Every structure is written in structure tokens, then in C-alpha cells.
Amino acid sequence: MPGGHSTFFGLLNTFVHIIMYTYYMLAAMGPEVQKYLWWKKYLTMLQMVQFVGIFTHCFQLIFHNPCNYSIIFVYWIGGHGVLFYFLFRNFYQQAYKAKAKAENKKQQQQQQTLVDANENVIEWNKFEMKRDSITQLNKALAKHL
């Protein structure tokens, strides 16, 4: 499409891809470099910000289009921005939020269990945590012993 409006999409996408392919290059250099690649999560966030910028920039022409830019192209590029935003958001939720939630749940489960001397597992959530919770715990341990 002629005109400067399309330049924003291409320029922004180019800079994000430079960062993205730099990450891939560093990841391909092996384990000695991979341990420094803590920023993958933030790269995904950058890509989502890019797509929000793209579809916002495109869809503004629906309301104000002084240069008569092609509305079909506005919907085409803006639609791609929306689609890719939701695809990357879905990836982000599965890769980072679901993993963090599962790890948090696992830690909570580990904190809620106690193993006595005979390796019997006693779950903390069976006891009310009051002042006498130590006494209750001792009584429960005595029953298992």
C-alpha cells in the first residue's frame, strides 16, 4: 500500500524480529549461553505489545482517515494484529502463568503435609491452626505411631 501508514507496521515488526532472532541465536549457542536467557517471557510480552500497537494504529483509520487509506487493508492488517495478539496471549498463559500456578500449587501441597518418623504422611489441612494445634498434631502423631 502506498503511503506512510503502512510503514509503522513494518518498522515495528522489524525491530521486534531483530530482538527475537537475537534470542534464537543466543539460545542456539548452547547451555553456557542459555543460562543467561531469562528474558524469553519478556520477549513474548514485547510481541503482544507490538500487536496491540499494530491493531490500534490500524483501527484508528476507521474513525479518522484523512488520507483515504484503504479500509480493506485496515481490516486485513488490524485483524492480523488482533489474531496474533490472542495467539501470543494464549501461549503466554500456557507457558508462564499455568506453569507458575502449578508450581505454586505444588509448593502449597508440600507445605500442607508432614511426614512422621514412620514415614506416614499427615495432611496439615485436617487440623485447625489454633493455639492448641501443636497438641492436636501430637495427638494425631500418637495415633499413627
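The values are calculated or read from the model by the stated rules, or taken from the named source; none is laboratory data. Only a predicted model underlies this, so the values are computations on that prediction, with no experimental measurement involved. Reconstructed Cβ throughout: ideal geometry from the backbone, glycine too, with neighbour counts over all protein chains shown. Protein only, heavy atoms only, side chains kept; ligands, DNA and RNA dropped before computing areas. Shrake-Rupley method; radii C 1.70, N 1.55, O 1.52, S 1.80 Å.
Please report the carbon-and-sulfur percent of the accessible area for the range 1-115; probe 1.4 Å, protein heavy atoms only, DNA, RNA and ligands left out. Solvent-exposed carbon and sulfur of the range 1-115 make up 65 percent of the total. Entry comment: accessible area of the range 1-41 is 74 Å² per residue, from protein heavy atoms only and a probe of 1.4 Å.
Sorting 61-68, 81-88, 5-12 by average packing, meaning the other beta carbons within 10 Å per residue, from highest down gives 81-88, 5-12, 61-68.
Over 24 Å apart at the Cα level, from the set K106/K139; K41/K106; K35/K105, are K106/K139; K35/K105.
Electrostatic bookkeeping for F88 treats Lys and Arg as +1 and Asp and Glu as -1; over the other residues with beta carbon under 15 Å from its beta carbon, the sum is +4.
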